[in-house]
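S.K.: Right, I'll just put the structure down here and ask away after.
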Amino acid sequence: MNNKTEVAPKKSLLYNKKAMVVLSALLALLFWVVITITQNPTRDITIDDVPITINTEGTVISELGLGIVGEHKDQATVRVSGPSYIVSGLKSSDITVTASLAEVKSAGTYELELTASRGSTTSGYSILSVKPSKIKVTFDAFDTNSFNIVPVANGVSAVNGLVAESAIITDSEQSAIIVTGPHSEMQKIATVKAIAD
């Protein structure tokens, strides 16, 4: 009787299908990184919708008691240059665009120059340009005044034999209103009316 047991030959990793798939994926990723870094060292991209910051704290504007008139929602487009693997991941939140307040000395409308800087920890790229390069902003002192409300009743008439009196506000707590706004606009307000049709 022959008691020999056959031993299966050990398979090499090269014949293991799962190991080869993983190895192929890792090699492809490595080649892609090497080619990206060596064959495309720099790339220019444009980043849209970067918010513009106007910080008035600690400036002449705050000392004069001035504020920005109206809502400020301007956004800038910033062009950057750097290695492809860095700039391709940049977002608008990675860049800060700031308006210079150096020229503002009093109330009025000014063209503020914009500058961009890296706002995140990501580095290794440079900023080429900012568009627009300037924005118009109006500064003014803000006043607060209280106005008595003048009631107006449109289209009200009395039936024959009765007299229609002037409209009145019956709630004494609602007979005045406090208005805050730019000094130049507040000067234009003569009366505040509550109109009922």
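The values are calculated or read from the model by the stated rules, or taken from the named source; none is laboratory data. Values in this document were obtained by computation on a predicted structure and should not be read as measured data. Positions of Cβ are backbone-derived with ideal geometry, glycine not excepted, and every protein chain shown enters the neighbour counts. SASA here: full protein model, heavy atoms, side chains in, ligands and nucleic acids out. Shrake-Rupley method; radii C 1.70, N 1.55, O 1.52, S 1.80 Å.
S.K.: Round to the nearest 10 and report in Å² the accessible area of I178, as given by a 1.4 Å probe over the protein chains' heavy atoms.
M.R.: 120 Å²
S.K.: Find, among the GluC sites (Glu not before Pro) in the range 17-72, those assigned to loop by DSSP (not H, G, I, E, B) with at most 13 other beta-carbon atoms within 10 angstrom.
M.R.: Details: sites: E57, E63, E71; in loops: E57, E71.
Passing both the DSSP loop test and the Cβ count: E57, E71.
S.K.: Using protein chains only and a probe of 1.4 angstrom, how many square angstrom of D143 are accessible, to the nearest 10?
M.R.: Accessible area of D143: about 40 Å².
S.K.: Additional query: Within the range 88-127, what whole-number % of the accessible surface is contributed by carbon and sulfur, with the 1.4 Å probe and all protein chains included in the calculation? Before the final figure, lay out each step's value.
M.R.: Numbers: 970 of 2210 Å².
Carbon and sulfur: 44 percent of the exposed surface of the range 88-127.
S.K.: Here's another thing I want to ask about it. Suppose a student asked you for the relative contact order of the range 15-80, using Cα pairs under 8 Å spaced at least 6 residues apart; what percent would you report? Could you put the intermediate results ahead of the total?
M.R.: Values: 33 pairs, mean separation 27.1, N = 66.
Here the relative contact order equals 41 percent.
S.K.: Taking only protein heavy atoms into account and a 1.4 Å probe, give the accessible area per residue of the range 41-197 in Å².
M.R.: Numbers: 10210 Å² over 157 residues.
Roughly 65 Å² per residue, with all protein chains present.
S.K.: While we're on this one: Any of K73/K134; K73/K105; K136/K188 with alpha carbons more than 19 Å apart? Name them for me.
M.R.: Numbers: K73/K134 14 Å; K73/K105 23 Å; K136/K188 23 Å.
Over 19 Å Cα-Cα: K73/K105; K136/K188.
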